[in-house]
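The values are calculated or read from the model by the stated rules, or taken from the named source; none is laboratory data. Bear in mind the structure is a predicted one, so any value in this text is a computation, not a measurement. All Cβ positions, even for glycine, are placed from backbone atoms using ideal geometry, and neighbour counts span all protein chains on display.
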Amino acid sequence: MIAIGEAARQSGVGIEAIRYYEREGIVPRPARAANNRRLYSAQDVGRLRFLKRCRDLGFSLGDAKALLDLSEGCAADCAEVSALAQRHMESVRRKIAELQRLEAALGELTANCAEGSVDCPMLGRLRMA
């Protein structure tokens, strides 16, 4: 059993995030020592690592919790996991498309900036919007 600082180090999840996950019921509350300090098991650290990987992939906290619950279930439903991942991938694709539109708009706005004009065309276009 290890303290919260070591659990944070081993999992890559910050101490405040761990406390938040516990308060919100995303992970179970850990055991407590006689001095009331949190004590984390290898399984607790594994849960935190799992959540970190999900968050690194951009899953919402709710979806990460759902995946964690599915991973700990007796009969993890691959179809349910796949559906959740597909929804997330669609969201990622929408964000990519939006970022590409943003890149094109910024490219258009900044195209004339290199000309050295005193009256900046980009600022003029932004004032018109």
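Values for this structure:
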quantity	calculated
Pairs with Cβ under 7 Å, 6+ apart, first in the stretch 77-88 and closer than 13 Å to residue 57 by Cα, second of a type in the set (Lys, Arg) and part of a loop (DSSP other than H, G, I, E, B)	none
Subset of the stretch 51-81 [assigned to a loop (DSSP other than H, G, I, E, B), surrounded by 12 or more Cβ atoms within 10 Å (Cβ to Cβ) and aliphatic (A, V, I, L, M)]	57, 76
Options 45, 27, 92: the member that is at pLDDT 95 or above and either charged (D, E, K, R) or within 20 Å of residue 4 (Cβ to Cβ) (or both)	45
Search result, residues across the stretch 36-50 that are surrounded by 19 or more Cβ atoms within 10 Å (Cβ to Cβ) and either free of Cβ contacts under 8 Å to residues at least 40 places away in the same chain or in a loop (DSSP other than H, G, I, E, B) (or both)	38, 40, 44, 47
Pair list, Cβ < 7 Å and 6+ apart or interchain, from the stretch 19-35 residues that are more than 14 Å from residue 66 (Cβ to Cβ) to residues that are among the charged types (D, E, K, R) and surrounded by 14 or more Cβ atoms within 10 Å (Cβ to Cβ)	29/22; 30/38; 30/44; 32/38
Filter result for residue 104 (at pLDDT 75 or above and surrounded by fewer than 12 Cβ atoms within 10 Å (Cβ to Cβ))	yes
